Structure formats: C-alpha cells, structure tokens
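The values are calculated or read from the model by the stated rules, or taken from the named source; none is laboratory data. Note that this is a predicted model, so its numbers are computed, not measured. No Cβ is skipped: glycine too gets one built from the backbone with ideal geometry, and neighbour counts run over all protein chains shown.
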Amino acid sequence: MRTVSWSRVLAAAGAALTAWAAIDSLLGGGSASGAAGAAQFLLLWGLPFAFAAVFLGWYAMRGGRKDVRDAARHGCLGGFLAGGGVFLLFFASPLFLPWDTLSGAVAGFLYAPMAAVIGLSIGVAITTMRKRRP
C-alpha cells in the first residue's frame, strides 16, 4: 500500500514538471517565436507534455483505486511500446533509407513522444472498455 502512495506523490510531482514543460513550449517556443516550424514543434513536443501532465495528474488524484492502477499500467505499457517502437524504427532507418544517421535520430526524438501519447491513450481506453463490459 505504501508503494501506491509513493507512486501517487511521484505522479503529482511529474504532473507539475510536465505541465511546466508544456506551458513553456506553448509560451516560449510554440506561439511566441513565430518561426516556420513553430506549429509543428507545438504539436509534436508541447502536446505530448500537456497530455502527460493530464495523465499524471489523473493518476495522482485517482490512483488509489485498483481499476485506475490497472488502466495506468496498461496505458504506460502501450505508450512505451508505441513510442519506443517509433523511436527505434526511426533510429534504425538509416540502414534502409537514404539519409544520414543524425536525421534518423532527430526524427526519432521528434515523432516518438506523439506515438507514446497515442499508445498511452489506446492502452487506457482498451483497459477501461474491458472493465465496463458486462
């Protein structure tokens, strides 16, 4: 039971940090810069941080329940598999695509957070739908 309370405290701290990163990317990099790739940066970097802040805040508030812990566990597994898979795919892409190694690594860091958000959403949604089925 102590592990659950510590995980909720850590989730609250993580929610605060990721919310700060999301707000910073919105105010400092996304909309304020006026650069050509600002909208893409906001979508691929700021949005995943905002989503992570909401997820961690949700877990910090509701993580005492078993169904929430199960949904969070499956969501984190889905996020890890999707984000990690996309990162590894882009990281290894110079082996079969005609671009240099640095381009593959940069693309991996650019697209993996959004893939992790999608995997997290799918994992939580599937677990939640399984619990509601009669």
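Enumerate the pairs (first residue in region 89-100 and in contact (Cβ under 8 Å) with a residue 60 or more places away in the chain; second residue anywhere and surrounded by 13 or more Cβ atoms within 10 Å (Cβ to Cβ) and not basic (Lys, Arg)) with beta-carbon separation below 6 Å, excluding pairs fewer than 6 apart on the same chain, so at least 6 apart or on different chains.
From region 89-100, no pairs qualify.
On the given criteria, is Val117 among the hydrophobic types (A, V, I, L, M, F, W, C) and touching a Leu at 6+ places or on another chain (Cβ under 9 Å)?
Against the criterion (among the hydrophobic types (A, V, I, L, M, F, W, C) and touching a Leu at 6+ places or on another chain (Cβ under 9 Å)), Val117 qualifies.
Would you say Ala116 is of a type outside the set (Ser, Thr, Tyr), assigned to a helix (DSSP H, G or I), surrounded by 17 or more Cβ atoms within 10 Å (Cβ to Cβ) and in contact with a Gly (Cβ under 9 Å, 6 or more places away or on another chain)?
Here the answer is yes, as Ala116 does meet what is asked.
Where in region 1-101 are the helices (runs of 4 or more DSSP H), entirely inside, with at least 1 residues that are at pLDDT 90 or above and of a type in the set (Phe, Trp, Tyr)?
Hits in region 1-101: 2-24, 47-62, 66-92.
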